[in-house]
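The next block holds one structure in the form of structure tokens; read it before the comments.
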Ligand SMILES: NC(=O)c1ccc[n+]([C@@H]2O[C@H](COP(=O)([O-])OP(=O)(O)OC[C@H]3O[C@@H](n4cnc5c(N)ncnc54)[C@H](O)[C@@H]3O)[C@@H](O)[C@H]2O)c1
């Protein structure tokens with residue numbers, strides 16, 4: 001198989017990531033089906049994508065005709081079997097819970113034809129934690145986008161010990177064809193490259209905040225105004241979702257049993273209060289445009 005055999009892409013999970021990944025693929029010319037078990041989530045995805053595309057057209061960044069053509073190629077579907085009909089490549093972007101992902105990969109493996117690659121957009125789990133529930137481990141890999149996927153250029157492809165060269169090469173090539181920049185990790189490590197670096201930064205930011213050295217606003221200012229980062233670590237946690245920080249920490253803690261890997265007390269408090277960041281209107285900062 002090679003890249004030209006990929007005609008249709010299915011994205012499973014239509015949340016913040018899946019919706020925009022689907023749009024990126026449709027804009028690049030692929031036939032795409034975006035699937036979610038939650039009908040409201042699919043509706044929300046459609047509205048949000050329409051809003052993003054209207055803005056781009058208004059700003060002169062995209063011609064209306066290209067947007068119309070992309071929407072013509074993009075289907076929204078709640079039935080998984082329908083969504084993977086005639087698909088060539090599946091990108092999983094459901095909730096960051098390993099057991100949910102494993103259930104889904106086992107189902108997908110039964111539903112799709114043997115040539116189909118199953119990629120996960122997980123922020124933390126290496127694909128060997130999913131490949132073993134399928135009969136096609138050589139066709140399973142990580143394809144990790146960044147938030148917001150319509151804008152962020154990098155995609156990390158991770159080749160596990162089970163992933164074939166062909167799968168890694170096709171996935172890297174697909175990243176290029178959807179106008180993103182790939183990096184290929186030839187060895188698995190949880191969290192991959194960018195998020196591990198970000199994790200070290202966020203941990204230090206949280207240490208300074210929780211021990212009263214500076215407010216979260218000031219720590220964000222230090223990162224933006226002194227280090228020239230485009231966004232501070234607290235504003236970024238609000239953007240990616242406090243629930244993601246919570247789940248990532250909890251999964252890491254489950255694996256290592258090391259207290260230092262647990263989410264910080266601030267993250268646990270915010271998670272329990274449902275203050276998940278931009279998506280709920282409040283995280284560290286308050287957002288009025290929800
Ligand atoms: N948010 C980020 O910044 C970010 C960045 C990179 C990668 N990721 C990863 O992308 C994935 C999705 O994250 P998100 O922020 O878009 O989450 P989200 O909570 O916004 O969306 C998840 C969606 O998955 C749907 N879903 C849950 N179980 C499902 C199933 N079995 N089948 C179909 N749909 C299902 C939910 O209804 C929801 O719409 C996670 O693995 C996360 O780690 C997130």
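The values are calculated or read from the model by the stated rules, or taken from the named source; none is laboratory data. Owing to the predicted nature of the structure, the values given are computational and were not obtained by experimental measurement. Because the Cβ atoms are built from the backbone with ideal geometry, glycine has one as well, and the counts that use them run over all protein chains shown.
At a glance:
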{"read-out": "Test: residue in region 171-183 that is within 15 Å of the ligand (Cβ to nearest atom), modelled with pLDDT of 95 or more and within 18 Å of residue 252 (Cβ to Cβ)", "value": "no"}
{"read-out": "Tally, over region 88-136, of residues that are outside any helix (DSSP H, G or I) and either touching a helix residue (DSSP H, G or I) at 6+ places or on another chain (Cβ under 9 Å) or near the ligand (Cβ under 9 Å from one of its atoms) (or both)", "value": "28"}
{"read-out": "Residue 14 vs. criteria within 10 Å of the ligand (Cβ to nearest atom) and in contact with a helix residue (DSSP H, G or I) (Cβ under 7 Å, 6 or more places away or on another chain)", "value": "yes"}
{"read-out": "Residues (surrounded by fewer than 18 Cβ atoms within 10 Å (Cβ to Cβ) and within 12 Å of residue 264 (Cα to Cα)) located in region 209-234", "value": "210, 211"}
{"read-out": "Condition met for residue 1 (surrounded by 13 or more Cβ atoms within 10 Å (Cβ to Cβ) and assigned to a helix (DSSP H, G or I))", "value": "no"}
{"read-out": "Odd one out for residue 6 among (1) touching a helix residue (DSSP H, G or I) at 6+ places or on another chain (Cβ under 7 Å); (2) within 16 Å of the ligand (Cβ to nearest atom)", "value": "(2)"}
{"read-out": "The listed residue being within 18 Å of residue 203 (Cα to Cα), part of a helix (DSSP H, G or I) and at pLDDT 95 or above, out of 214, 235, 260", "value": "235"}
{"read-out": "Within region 17-86, helices (runs of 4 or more DSSP H) holding 3 or more residues that are within 21 Å of the chain's Cα centre (by Cα) and within 16 Å of the ligand (Cβ to nearest atom)", "value": "39-58"}
{"read-out": "Search result, residues across region 177-192 that are surrounded by 14 or more Cβ atoms within 10 Å (Cβ to Cβ) and touching a strand residue (DSSP E or B) at 6+ places or on another chain (Cβ under 9 Å)", "value": "178, 180, 182, 183, 184, 185, 188, 192"}
{"read-out": "Selection count, region 138-168, where residues are assigned to a strand (DSSP E or B) and surrounded by fewer than 16 Cβ atoms within 10 Å (Cβ to Cβ)", "value": "1"}
{"read-out": "Residue in region 243-264 that is under 24 Å from residue 151 (Cα atoms) and loosely packed, with under 14 Cβ neighbours inside 10 Å present", "value": "no"}
{"read-out": "Residue count, region 169-186 (criterion: free of Cβ contacts under 8 Å to residues at least 24 places away in the same chain and assigned to a loop (DSSP other than H, G, I, E, B))", "value": "0"}
